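Everything below concerns the one structure shown next.
The values are calculated or read from the model by the stated rules, or taken from the named source; none is laboratory data. What you see is a predicted model; the values in this text were computed from it and never measured. Cβ sites come from the backbone with ideal geometry, for glycine too, and all protein chains shown count toward neighbours.
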């Protein structure tokens, strides 16, 4: 035996496996025949019956016999690679928590109230605005921004966050005293106003993995001014709720 037939499911995250399925009021071998036929189109009826008959006549179990163990001198333990526990989206690392304790003396309630810095990026004639869509934001659009987590000036942190989320460096465009600041749910959000000569055809490349799903220019005039603005569906292709983090900064 040199080859084995495997199937790949649409729902199995690109994993391969044997053709199989759950029992449905039938004998196990009938279920196996049905499932293989459904998944591959191949009828194994004559093969499965023959194999069962031979095994039954010989008084052997249908399972394959266990493989013999190799001699002890040929066994060498595989090197163990430490497994990293996947980080929960939005949860700070241990290093970040230590930084928060140093900054604020705690890392729970203060973490939720940390100020957020980012930018409102507009094209040269101020008709387009750049928004980002996060993987974790339930398809919501917002300005590129992030929470403070180190000792930096607000404008420096805004530059870093915009670079991480879009790949665009706003250093030469940012003006320290030109920003809009609002307090939402007891949290300060400061967005620096960036007017730049960036081409609308620019291909943005986020520097972080699995954080930003899409980056797009929107017409400023079509953005909803309230979360009940029904015209948003026709103007932007998304409902007003998708712009809930944008609305407080739109006049």
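For the reader, a short list of remarks on this structure follows.
- Scoring residue 221 on the criteria (1) over 27 Å from the mean Cα position of the chain (by Cα); (2) at pLDDT 90 or above leaves a single failure, condition (2).
- Among the conditions (1) part of a loop (DSSP other than H, G, I, E, B); (2) at pLDDT 60 or above, the only one that residue 29 does not satisfy is (1).
- Residue in the stretch 177-191 that is surrounded by the most Cβ atoms within 10 Å (Cβ to Cβ), counting only those that are touching a strand residue (DSSP E or B) at 6+ places or on another chain (Cβ under 8 Å) and at pLDDT below 90: 188
- A count restricted to the stretch 26-41 and to residues that are under 18 Å from residue 6 (Cβ atoms), without any contact (Cβ under 8 Å) to a residue 24 or more places away in the chain and loosely packed, with under 14 Cβ neighbours inside 10 Å stands at 2.
- Scanning the stretch 171-186 for residues that are under 20 Å from residue 141 (Cα atoms) and without any contact (Cβ under 8 Å) to a residue 60 or more places away in the chain yields 179, 181, 183, 185.
- Qualifying residue in the stretch 218-226 (condition: in contact with a strand residue (DSSP E or B) (Cβ under 8 Å, 6 or more places away or on another chain), free of Cβ contacts under 8 Å to residues at least 40 places away in the same chain, over 16 Å from residue 157 (Cβ atoms) and not in a helix (DSSP H, G or I)): no
- Some residue of the stretch 161-176 being at pLDDT below 90, assigned by TED's automatic domain parsing to the domain that holds residue 224, surrounded by fewer than 17 Cβ atoms within 10 Å (Cβ to Cβ) and over 16 Å from residue 204 (Cβ atoms): no
- Odd one out for residue 176, checked against (1) touching a helix residue (DSSP H, G or I) at 6+ places or on another chain (Cβ under 8 Å); (2) over 17 Å from residue 159 (Cβ atoms): (2)
- Residue check, residue 194 touching a residue at least 40 places away in the same chain (Cβ under 8 Å), crowded, with 18+ Cβ neighbours inside 10 Å and touching a strand residue (DSSP E or B) at 6+ places or on another chain (Cβ under 8 Å): yes
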